[in-house]
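What follows is calculated from the coordinates using simple rules that are stated; it is not laboratory data. Computed from a predicted model, the values in this text were never measured in an experiment. Positions of Cβ are generated from backbone atoms using ideal geometry, with glycine treated the same way; all protein chains shown enter the neighbour counts.
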Amino acid sequence: SYTTDTKSREENKKTLENLYSLSVDITKIRRLKEWVLLQDVAYVKEIAGILQEMGADETTVASVIERCPEAILHTPAEVNSQKALWQLVCKNEKQLIKLIQQFPESFFTTEYQQNQKANILFLQDLGLKNNIITRFLTSAPNIFYNPVEKNKKVIETLQRNYLNLGGSEANMKIWILKLLSQNPFILLNTSTAIQDNLEFLQKNGFTDQEVLQLLSKLKGFIFQLNSTTMQKSMHFSKNIFECSDRELKQLVLKCPAILYYSVLVLEERLEGLLKEGISIAQIRETPQVLELTTQIIQYRIKKLSALGYDIKSGNLESLNGTKKDFEVTYGKIQSKEERPIFNPVAPLHIED
């Protein structure tokens, strides 16, 4: 354990000398985590040596230490163990050093090595590819800190519910792997929370097939919600769109974000759309526009308006989709506007 009490303590001169010799910017460390420089023991040369053995040059070593100063407080044994752990999923040391350079804090969290190893092996057994597990290690490291039993329980709950909702045994593995790839943070939820959310949807009239459809559409985000927030968002949407329970259900199936976003977010997005002259009736027809931020909506309307396309008089489909989807739609409208009118029966004027 390291002390963070910086009062009446001096910086470790040996640590400073070793850092200077590696061309590390000490001012960055002082600004970021000065307490590291006050520790009695640091392994600057040893950690630099391990990184260099993996192929890191001087600039990379300095960059890693500047961004994650506590790296030098880990013993060489801890770092070598972590290296061996990450090599279970990394193709080679070149890939490993690149990951450490990009995500030093994820790599130098060595407190949960037993859990990390057990979870890596579990995810490999589950069928996840190493490049996906590598992405999890860097972008969602918390999921590896849990005891493997907890993560297994969450996966078992998902598998059981998938089958109970009518999913087939043959497709279950693909469904689970896709869900995990889209949103690994579902592993941070409890199996009870998952069960509660699914029961909430069933109590609100969604059929088993529709619940399964929602799970896939929401990319696992439904497991990070709770019945109270979902109930509030659905109640708000029902009032705004003046619809029946059956119509509300259809809106949710079209736009699951109605479940996911809080009332505050939905209010803000509706207000942004109304300010642009879009009607509630239009939004009700194409509720997927609520998945887009007000800034994105404004940008897209501006671009379409420049082509002479009036969004107020048409449907909102042209605003929908990812950035790539919108660019395709925009391109089609643009080429349609620019295409010259050709009359096939008009005489051709050809000069002699």
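Some observations on this one:
- Positive-end extreme of charge dipole, the chain - chosen from VAL36, ASN115, VAL79 (charges on Cβ): ASN115
- The angle between the Cα long axis of helix 113-126 and the main principal axis of the chain comes to about 40°, on a 0 to 90 degree scale.
- Treating r as the C-beta distance of ARG67 and SER335 and R0 as 35 Å, the FRET efficiency rounds to 0.15.
- Distance from the C-alpha centroid of the range 34-63 to that of the range 285-322: 51 Å, rounded to the whole angstrom.
- Taking each DSSP H run with n ≥ 4 as -39500 (n - 2.57) and averaging over every residue of the chain yields -18500 deg cm²/dmol at 222 nm.
- Dipole moment magnitude, nearest 20 debye, the chain about Cα centre, only Lys, Arg, Asp, Glu C-beta charged: 360
- Against the chain, whose longest principal axis is taken from its Cα atoms, helix 294-306 shows a tilt of about 50°.
- Lys/Arg +1, Asp/Glu -1 at C-beta; the chain dipole; positive extreme among ASN226, ASN131, PRO287: ASN226
- Dmax and Rg, reported as Rg then Dmax, of the range 249-309 (C-alpha, Å): 11.8, 36
- Annotation note: trypsin sites (Lys or Arg not before Pro) in the range 200-303 located in DSSP loop regions with a Cβ neighbour count of at most 16 within 10 Å are LYS219.
- Within-9-Å neighbourhood charge of GLU11 [Cβ basis; K, R +1; D, E -1]: +1
- Computed label-point distance, nm, for sites GLN202 and GLU111 using a 7 Å Cα→Cβ extension: 3.8
- Separation in nanometres of the label points that stand 7 Å from Cα toward Cβ, at LEU264 and MET172: 4.0
- Its residue count N sets the reference 2.2 N^0.38 Å, and the alpha-carbon radius of gyration of the range 131-205 equals 1.16 times that reference.
- Taking GluC sites (Glu not before Pro) across the range 1-99, the ones in a DSSP loop with at most 11 further Cβ atoms lying within 10 angstrom of their Cβ are GLU10.
- Subtracting the Cα-Cα distance of ALA306 and LYS14 from their residue separation scaled by 0.36 nm leaves 98.8 nm.
- If you take the Cα centroid of the range 134-178 and the Cα centroid of the range 87-120, the two points sit 21 Å apart.
- ASP57 versus THR75: modelled label distance in nm, points set 7 Å from Cα along the beta carbon direction: 3.4
- DSSP-assigned coil residues among GluC sites (Glu not before Pro) in the range 195-266, each with at most 15 further Cβ atoms within 10 Å: GLU242
- Extreme residue, positive dipole direction of the range 55-187, given options VAL89, ASN171, THR157 (C-beta unit charges): ASN171
- Taking the Cα centre of the range 10-110 as origin and assigning +1 to Lys and Arg Cβ atoms and -1 to Asp and Glu Cβ atoms, the resulting dipole is close to 280 debye.
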